[in-house]
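Asker: Dumping the structure here so I can ask a few things about it.
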Amino acid sequence: KIVQGICFLLLKVTKRQSRKMSKQTDSTAEVLLEKKGGAGIITLNRPKALNALNLPMIQQIYPQIKTWEQDPETFLIIIKGTGGKAFCAGGDIRVGVSVHGHFRVATEKTVFAMPETAIGLFPDVGGGYFLPRLSGKIGYFLALTGCRLKGRDVLRVGIATHFVESEKLPALEKDLIALKSPSKEKIADLLNSYHKKCTIDQEKEFALGEHLEKINSLFSANSMEEIVKKLKQDGSPFAMKQLETINKMSPTSLKLTLRQLREGASMSLQEVLQMEYRLSQACMKGHDFYEGVRAVLIDKDQSPKWKPATIEEVSDEFVDNCFKPLGNDDLKL
């Protein structure tokens, strides 16, 4: 959700058809909507808020995407952010753009993290769908520890599909717009050509490379108690560092997140979003989310007082209740 760096460009190829749009290019608007060639371009324009989404932005973006989906002359949608600092950060804890686009371009400036367990929440915006689908147990590790990935590492774990030098993004966008009747294959070929030419940070080793075996082993447990036990038993500096991090997180969030990913692994995206809506309502009724936001984002004392204070005190019955259907109040998709 926190995706910083000059750009984390999301491209989604559309197939269905619709009406043409009216262009919105007012530079003061929080989202800019344009049509160039066969491309619909969405520019998030809240640089001071690191382009975090708000409801008015969503209310503009969603109908425009639906319109472009139906337009026979719109072949792809490009989503980007202004300001040179962020694509779309979740810093205001409202809504973020996640990683469900068909193509996802990272640069040497990209930073990616899902740090929600530190504020009493869970990896939302479909985190329960894409995180368990990353190779091995890397998604579980990222979700529970909030580990930050930078540059090429965002590509290496499979969150990005391509890696392009940040200075080349305007040229890439221009070339994408210039494609005639682009198909997924043509777009992939163009992205691949930029990707292959990019040598920046090529020699940098994968930050998690030497730890992948341990991550896959330690984070494969069925419960948080078992993961903590495995980390303690392992005793390596890496395991101890992760244990120290996990001990700072909301015990409730850790248990909700682990189950969210385990269940989400076999769900459709639609089912995951419905599950995450239920979890969001449970978090809104609880204690830890408000305390986490206070400690990390408002008072910034970094000393949240979690209730319950240990994972052992978070009962299975409580966790079960957080996942229960909400009847008439359930999310309708």
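The values are calculated or read from the model by the stated rules, or taken from the named source; none is laboratory data. Just so we're clear, the structure is a prediction, and the values are computed from it rather than from any experiment. Methodologically, a virtual Cβ is constructed for each residue, glycine included, from the backbone with ideal geometry; neighbour enumeration extends over all protein chains shown. In case anyone asks, the SASA skips ligands and DNA or RNA and just uses the protein heavy atoms, side chains included. Shrake-Rupley method; radii C 1.70, N 1.55, O 1.52, S 1.80 Å.
Asker: Pairing the Cα long axis of helix 55-69 with the longest principal axis of the chain, what angle in degrees results, from 0 to 90 and rounded to the nearest 10?
Answerer: So the inclination is approximately 50 degrees.
Asker: Excluding same-chain residues fewer than 8 positions from LYS214, which aspartates and glutamates have a Cα within less than 15 Å of its Cα?
Answerer: In chain and number order, the partners are GLU226, ASP234.
Asker: Largest first, how would ARG262, ARG104, ARG148 line up by accessible area (1.4 Å probe)?
Answerer: ARG148, ARG262, ARG104
Asker: Suppose R0 equals 35 Å; then what is the FRET efficiency for ALA265 and LYS197 from their Cβ-Cβ distance, rounded to the nearest 0.05? Don't jump to the answer; show the numbers that get you there.
Answerer: On the way: r = 35 Å, r/R0 = 1.01.
Once the sixth-power term is evaluated, E becomes 0.50.
Asker: Related question: Hey, could you grab the Kirkwood Rh for the chain? Inverse mean 1/r over distinct alpha carbon pairs, Å, one decimal. Each step should come with its number before you reach the end.
Answerer: On the way: mean 1/r = 0.0478 Å⁻¹.
Every distinct Cα pair counted, the radius reaches 20.9 Å.
Asker: Right, something else. Counting heavy atoms of the protein chains only and a 1.4 Å probe, report the per residue accessible area for the chain as a whole number of Å². Provide the component values of the computation, followed by the final result.
Answerer: On the way: 16040 Å² over 333 residues.
Heavy-atom accessible area per residue stands at 48 Å².
Asker: Averaging sequence separations of C-alpha pairs under 8 Å and six or more residues apart, then dividing by the length of the chain, give the relative contact order as a whole percent. Could you put the intermediate results ahead of the total?
Answerer: Values: 612 pairs, mean separation 62.0, N = 333.
Reported relative contact order: 19 percent.
Asker: Something else about it: Working from Cα positions, state the angle (0 to 90°, nearest 10) between the long axis of helix 224-234 and the longest principal axis of the chain.
Answerer: 80
Asker: Give LYS85/LYS150; LYS137/LYS232; LYS174/LYS204; LYS137/LYS307 a once-over and call out the pairs whose C-alpha atoms are over 22 Å from each other.
Answerer: Details: LYS85/LYS150 14 Å; LYS137/LYS232 18 Å; LYS174/LYS204 29 Å; LYS137/LYS307 28 Å.
The pairs that break the limit, which is 22 Å between Cα atoms, are LYS174/LYS204; LYS137/LYS307.
Asker: Among PHE87, PHE318, PHE141, which one shows the highest mean-square fluctuation when the chain is modelled as a Gaussian network with alpha-carbon springs under 10 Å?
Answerer: Maximum among the listed residues: PHE318.
Asker: I would also like to ask the following. If you take every residue apart from GLU213 with its C-beta less than 14 Å away from the C-beta of GLU213, what net charge results, scoring Lys and Arg +1 and Asp and Glu -1? Intermediate results must be reported in sequence, preceding the final value.
Answerer: Values: positive: LYS137, LYS214, LYS230; negative: GLU210, ASP234.
With Lys, Arg at +1 and Asp, Glu at -1, the net is +1.
Asker: Here's something else I'd like to know. Taking the alpha-carbon centroid of each part, what is the distance from region 183-210 to region 249-316 in angstrom?
Answerer: Rounded to whole Å, the Cα centres lie 34 Å apart.
Asker: With every protein chain left in place and a probe of 1.4 Å, what is the accessible surface of SER220, to the nearest 10 Å²?
Answerer: SER220 has an accessible surface of roughly 50 Å² with all protein chains in place.
Asker: For helix 237-246, what angle does its Cα long axis make with the longest principal axis of the chain, in degrees from 0 to 90 and rounded to 10?
Answerer: 90
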